[in-house]
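Written below as structure tokens is the structure these notes are about.
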Amino acid sequence: MTDHTPSDELTPDAAGPAVERLGARPAEGSRPADWNPRGPSVRRDPLAAYDDMRAHCPVALGASGAWTLFSHADVTRAARDDRTFSNAVSRYLQVPNGLDGPTHTAYRAVVERYFTPERMAAAEPALRRVATDLAGELAVPGPVDAVVLGSRFAMRAQCAWLGWPADLEDELLRWMVDNHAATRSRDPVRTGEVARRFDGIIRSLTDARRRAGTDAPDDVTTELVHDRVEGRPLTDEEIVSVLRNWTGGDLGSLALCAGIVLTYLAEHPDVQARVRSGVSDRELDAVLDEILRIDDPFVVNRRVTTEAVTVGGREIGVGERVFLNWTSANRDPAMFPDPDAFDPVGNAPYNLVWGFGKHVCPGRPLALLELRLLTRAVLAATTAVEPDPGRPRKRGLPPVGGFTAAPLRLR
Ligand code: HEM
């Protein structure tokens, strides 16, 4: 997961119908802004707002001067052209997502070794136990919040995969809530504080393994502590950055994905019945990918231009910030004639849930394995997962996608 929380873009704003296109209002600097990514209509219904932007202003300048690309064609063009659209967007070290060129390739090769089919098969029994134990704790019949369930599962699964102690769960859950609040506050003091707190958690785990030497536990974290890049050991800072990436960002994404998937299955009893009737892992992955395509909780990633470029007739200067809006691109009628139509096989080749190009998500095998196991465990522990009209669903506020509350009923 890359840090997809562009805190500098989406300022809350005054009212106005449809998407607040701010033709009149100057963006930072002198150019008129096209829209307000944190405006009321985006907060009210982000999917409709992004669909509207893609239809009327697919390359849009935001209130803070950053551009957003909404169409499938423009997003894939930018993701493919990693020379013009650089990933070096942050002043913090981000391995590998903040890197470009051969440096990126070198670190990417390190990261990818942790997600091979053999590694996933080896990790599966422990992750399955986490899913079935958690499903066993559910009150059936009874209410559940799919995002709360997803957060707890993401936490336990990541700890099991990395070899982290289960008693870290509550501390990490608290951190996740504080991290979201800090990101939304856009207060650098608060975001700095939660980042340092997280680094402290990671360093306590990596330092303990270093001190333990050959007695260190045989797990992913120990392996990373001793891993190498370009013939030298990874530095502590690089290890912390990789682990921050694999946890800080992903825990939230997995929880959001669980919310979207279980809510979709509740709303579509036909799809739920199909999964319950028995589907292979490959078929279930295609179902999960398609559900996430229709309502992608992983909204945007950042780029910065290394040269002036024209996109959709708009001139974007050198050094400008550009957001790739995956949620919108995944609903582009140019690729998906009916964006809400469920077609796991037909839409798979154009699905951008996991990104595109050199920075495509290396964690997809693990994320899908975990979502598969959770979905199967919840369905196995119930006879039906249904909507719960008595309790309101809450959409994530930009820049967070998906739901922050997804109440369902289990039978
Ligand atoms: C839960 C659902 C997840 C979604 C929807 C997701 C989606 C994405 C997307 C769209 C990108 C591309 C970013 C870009 O182009 O800037 C990405 C990159 C990345 N993801 Fe994921 N991801 C998920 C889970 C994970 C997990 C569980 C891990 C690892 C444990 C992971 C590790 C990474 C890394 C390391 C990158 C950066 C790759 C690079 O820059 O080369 N992701 N992810």
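The values are calculated or read from the model by the stated rules, or taken from the named source; none is laboratory data. Note that the coordinates shown come from a computational prediction; the quantities given were computed from them, not determined experimentally. Methodologically, a virtual Cβ is constructed for each residue, glycine included, from the backbone with ideal geometry; neighbour enumeration extends over all protein chains shown. For accessibility, only protein heavy atoms count, side chains too; no ligands or nucleic acids. Shrake-Rupley method; radii C 1.70, N 1.55, O 1.52, S 1.80 Å.
Taking a ≥ b ≥ c as the square roots of the eigenvalues of the Cα gyration tensor, an a/c ratio of 1.5 or more together with a/b no larger than b/c marks region 35-171 as oblate. Amide H contacts for TRP35 (H built 1.01 Å from N in the peptide plane; partners 5 or more residues away or on another chain; cut-off under 5 Å): LEU22, LEU61, ALA63.
Sorted largest first, the principal axis extents computed over the alpha-carbon atoms of region 142-271 equal 52, 36, 30 Å. Since only PRO188, ALA377, THR105 are under comparison, the one whose Cα sits farthest along the positive direction of the charge dipole of the chain, derived from C-beta charges on Lys, Arg, Asp and Glu, is PRO188.
Surface analysis of the chain yields an accessible area of 42 Å² per residue, using protein heavy atoms and a 1.4 Å probe.
Run the dipole for region 6-410 about the Cα centre, Lys and Arg Cβ at +1, Asp and Glu Cβ at -1, nothing else charged, and hand back the magnitude in debye, nearest 20. All intermediate terms of the calculation are to be shown ahead of the outcome.
Details: 49 positive and 57 negative charges, 93 e Å.
Roughly 440 debye for region 6-410.
Taking other residues whose beta carbon is less than 10 angstrom from the beta carbon of PRO333, and scoring Lys, Arg as +1 and Asp, Glu as -1, yields -1.
Note on region 320-401: with neighbouring protein chains present and a 1.4 Å probe, carbon and sulfur make up 62 percent of its accessible heavy-atom surface. Keeping the other protein chains in place, figure out the carbon and sulfur percent of the accessible area of region 253-292, with a 1.4 Å probe. Solvent-exposed carbon and sulfur of region 253-292 make up 52 percent of the total. Treating each Cα of the chain as an identical point scatterer and summing with the Debye formula, the log10 of I(q)/I(0) at q = 0.11 Å⁻¹ comes to -0.83. Using just the C-alpha positions of region 169-226 as equal point scatterers, what log10 of I(q)/I(0) does the Debye formula give at each q in 0.12, 0.20, 0.22 1/Å? So the normalised log intensities are -0.39, -0.76, -0.82. Just name one of CYS361, PRO339, ASN36: the one whose Cα is farthest towards the positive end of the charge dipole of the chain (beta-carbon charges, Lys/Arg +1, Asp/Glu -1). It is ASN36.
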